[in-house]
Each structure stands twice: as structure tokens, then as C-alpha cells.
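Peer 1: Below is the structure I would like to discuss, written out as C-alpha cells.
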Amino acid sequence: MVVYACKYDIIASIALGTIFVATPLILHIISPSLQIFSNKIRENKRKDDLPEENTDDRRINYNSPGPQQLLREEIQVEAFDSAPAYDTAIVELRSSHSTRPELAAGFISISGLMVWGASRRGRSHVNNDIPRQDSFSIRAIPDGLVAAVADGVGSTEFAERASEAAVAACMRFNWFAPRSEDDWNDEVMKAIDSISQAIMSAVRNLPYNKKRPPSTTIAAAIVTRSSRGYILDWFSIGDSAIMIIPFDGSGQIDTINKAPLANSPATAALPRLSQKFWIERGHGICIDLDSSTLVLATDGCFKPMYQCPGPYIQNFSNIVHDVADASHLLAAIRQDGAGHADDSTAILISATGD
């Protein structure tokens, strides 16, 4: 019995010693897993504490760490007789009270056309913590496309919501082609009423001054392919520009609408609140998109371009000839100089040569 007792005492001592030696080693091995599990619990709790995401916002928030976030803004291209296509641009968002991205850009190719769009927040808006108030959008239609730029009127509240609603409504409108000039004039008035209603609907629940609702300029172009080549129908309200820029080295900019050249402190804008309304429009213009490009631009891009066209024309020409990605247009519309602090937005439309 004594022998057996000693034997069991020895076994127990060995077992206890093994436990004391192995326990720190086991804890060292499993501690990372315990830390991950703990972090996961805290992360889930933080998510539960966050407000619900607005599912109506087309931007996808990737919740990157730090004061800045990455957003992906989608430009939907309704491809006929095929599944919808998307063009996306990764853009950087400055920490501010708005969820609008500072930069937005995209590129599509449809119906023998190449189209670049880009928009960037102006320095004065950054300094004063004002969101980017410009918007743009592009949509395919049979044998062509519709494109629009809008510049929210900064003297009104929530101007960015007005410009965003305006270009979205312009894309949703059921454009017809071909058409007579009278049909086009009627169509423009219907589109303007539809855009005005969309703006008022978008800002209905916002606390703005009811005497001065959120407002925006707009310039829109419908480009379609015909037996005569490419045909341009257009309309504009306010000082956003529609231009033809040839790539012949002449440095000339053909501004189609006149409001951008008017030396006036005020501009026409949507929503339409009265019968007196300044609308510019054109119909059935045959344009050569093989040796030139059609440009839509807000005044923050047009004004410095008109004052010094050479660098812009050269940069736009390089973008088209190289079929560069949309980040090159973001760089091309970047402004320098104390007087160029507004948001800047442009759309380039050119033929693929096919």
C-alpha cells in the first residue's frame, strides 16, 4: 500500500507540474483568438448603436477608418436590349456635415460615343465647409445619350439637393428622337416642369426659407446618331455652358448658349416658380465629334476655361485621343488662382470613330 501511495503521489505531482507549465503556453496561443472575439463583440455593439443607413442614397459607404471615408458613386447607364451597365468612380470624402463626395467621375462608351464626366468641390466650399453643389449625370437612350450638368445656386439653402434632383429628373424624363422643332420646344417645357417638381419633392421636408427654395442651373444635351452624323438638341437655364471645342489648335471655343457670356450677377434657375422664365434651347444641330468635342460645364469650369482656353483645350484633346480614364478629367478641371474657387464640373462627349 505504501508503494502504491508513493506511486500515485509521484503521478499527481507530475500532472500538476505539467498544468503549471502548459497553462501559460496555452493562454499565449489562444489569446489572439480571444482578442478577435472580444473585438467582434465590441464592433457589433457599435454597429447596433449607429443610426440606420439611408437606403435611398445611391452612394455606398465603405466605413474606412479615420476622419476621411471612401465612397463609390455609381453612374447608371441604361443599356437598351441588354442588362444595365454601371460605371463607378472611387472618390474621397472630406470630413464635413454633408455626405456628398468631394470628387465624382466616370466614363462610358455607347452608340459610337465616348463620354467623360467629372466634378470637384471648390476651395471656397472646402474652406467654408460647404458641400459640393454641382452635379452631373449621363444616360444612354436609343442611338445616343442624354447628359446634364447642374450648378446649385449658392445663395439658396440645400442647393446641392436641388442640383442632384435636377440631373436625376432629367435622366428619368422620356426623351424622344427624332422630333420636329415644335415637338422639341414642347418636350423641353414638359421636362422643365418635371425637373421643377422633382426639386420641390426632394426638398419638401428640409428647413429652407420658403421664399427662396433650393435652386439650380442646368444645361442638358441630347446627342443622337443619324444618317447625317451626330445631331445635338439642347436646352439650358442659367449660366452653365454648352460648347463645341475643335482640336485644330486654333484655341477657339464655340459657346452655343449665351447666358454663360452675359456679364450679370444674377442667373436664371430652377425650380420654375413663375411664367416669366429665361430658357435657351436649340434643335437639330449637326455636330462633328470626330475632330471636336461637345463640352457641358458649370460656370466654375467655364469661366477659367474661357479666360485661358489653351491648357484646357490641350488637356481635353489628350483625354479624348488617349481615351484616358476619368481621373484625367478630374485633373484637367482643377483650378488654380485666387479667383477660381468655385465647384468645377464638366462632361466631354466625343466620337469613338467606329
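Peer 1: Within the range 236-262, can you find the residues that are aliphatic (A, V, I, L, M) and part of a loop (DSSP other than H, G, I, E, B)?
Peer 2: As a first pass, look at the range 236-262 and keep what is aliphatic (A, V, I, L, M): 237, 241-245, 253, 256, 259, 261-262.
Result: I253, I256, A262.
Peer 1: Kindly list the number of the only condition in (1) under 17 Å from S350 (Cβ atoms); (2) without any contact (Cβ under 8 Å) to a residue 60 or more places away in the chain; (3) of a type outside the set (A, V, I, L, M) that fails for Y230.
Peer 2: Only one criterion in (1) under 17 Å from S350 (Cβ atoms); (2) without any contact (Cβ under 8 Å) to a residue 60 or more places away in the chain; (3) of a type outside the set (A, V, I, L, M) is unmet by Y230, namely (2).
Peer 1: Among P214, P265, P207, which is out of contact with any strand residue (DSSP E or B) (no Cβ under 6 Å at 6 or more places or on another chain), modelled with pLDDT of 90 or more, not in a strand (DSSP E or B) and not small (G, A, S)?
Peer 2: Residue meeting the stated conditions: P214.
Peer 1: Further question on the same structure: Tell me which of these Y312 doesn't satisfy, since it passes every other one: (1) in contact with a helix residue (DSSP H, G or I) (Cβ under 7 Å, 6 or more places away or on another chain); (2) at pLDDT 95 or above; (3) over 24 Å from N128 (Cβ atoms).
Peer 2: For Y312, the exception is condition (2).
Peer 1: Separate question: Would you mention how many residues in the range 110-125 are within 17 Å of the chain's Cα centre (by Cα) and either part of a strand (DSSP E or B) or surrounded by fewer than 24 Cβ atoms within 10 Å (Cβ to Cβ) (or both)? Let's see the steps before the verdict.
Peer 2: Let us first name the residues in the range 110-125 that are within 17 Å of the chain's Cα centre (by Cα), namely 115-122, 125.
Checking the rest, the ones that are also either part of a strand (DSSP E or B) or surrounded by fewer than 24 Cβ atoms within 10 Å (Cβ to Cβ) (or both) come to 115-120, 122.
The number of residues fulfilling the criteria is 7.
Peer 1: Then there's this: Collect the residues in the range 268-287 that are at pLDDT 90 or above and either more than 20 Å from V167 (Cβ to Cβ) or part of a strand (DSSP E or B) (or both), keeping them in residue-number order.
Peer 2: Those that are at pLDDT 90 or above and either more than 20 Å from V167 (Cβ to Cβ) or part of a strand (DSSP E or B) (or both): E280, R281, G282, H283, G284, I285, C286, I287.
Peer 1: What are the residues in the range 126-164 that are in contact with a helix residue (DSSP H, G or I) (Cβ under 7 Å, 6 or more places away or on another chain), among the aliphatic types (A, V, I, L, M) and assigned to a helix (DSSP H, G or I), if any?
Peer 2: Hit for the range 126-164 is A162, nothing else.
Peer 1: Pick from D336, D342: which is farther than 22 Å from A220 by Cα and at pLDDT below 95?
Peer 2: Working: D342 fails: farther than 22 Å from A220 by Cα.
Answer to the selection: D336.
Peer 1: So for the range 218-235 (the condition being open to solvent by less than 10 Å² (accessible area, probe 1.4 Å) and not in a strand (DSSP E or B)), does at least one residue qualify?
Peer 2: No; the residues of the range 218-235 include none that is open to solvent by less than 10 Å² (accessible area, probe 1.4 Å) and not in a strand (DSSP E or B).
Peer 1: Among the residues of the range 293-314, how many are surrounded by fewer than 17 Cβ atoms within 10 Å (Cβ to Cβ) and either among the aromatic types (F, W, Y) or assigned to a helix (DSSP H, G or I) (or both)?
Peer 2: Pass one, the range 293-314, residues surrounded by fewer than 17 Cβ atoms within 10 Å (Cβ to Cβ): 307-308, 310-311, 314.
Within this subset, residues satisfying the condition of being either among the aromatic types (F, W, Y) or assigned to a helix (DSSP H, G or I) (or both) are 307, 310-311, 314.
Total satisfying the criteria: 4.
Peer 1: Now, a different point. Would the range 152-162 turn up any residue that is modelled with pLDDT of 95 or more, within 23 Å of S201 (Cβ to Cβ), open to solvent by less than 10 Å² (accessible area, probe 1.4 Å) and out of contact with any Leu (no Cβ under 8 Å at 6 or more places or on another chain)?
Peer 2: No, because not a single residue in the range 152-162 is modelled with pLDDT of 95 or more, within 23 Å of S201 (Cβ to Cβ), open to solvent by less than 10 Å² (accessible area, probe 1.4 Å) and out of contact with any Leu (no Cβ under 8 Å at 6 or more places or on another chain).
The values are calculated or read from the model by the stated rules, or taken from the named source; none is laboratory data. The structure displayed is predicted, hence computed values, not measured ones. Using ideal geometry, Cβ is built from the backbone for each residue, glycine included, and neighbour counts are taken over all protein chains shown. All accessible areas refer to the heavy atoms of the entire protein, side chains included, with ligands and DNA or RNA removed. Shrake-Rupley method; radii C 1.70, N 1.55, O 1.52, S 1.80 Å.
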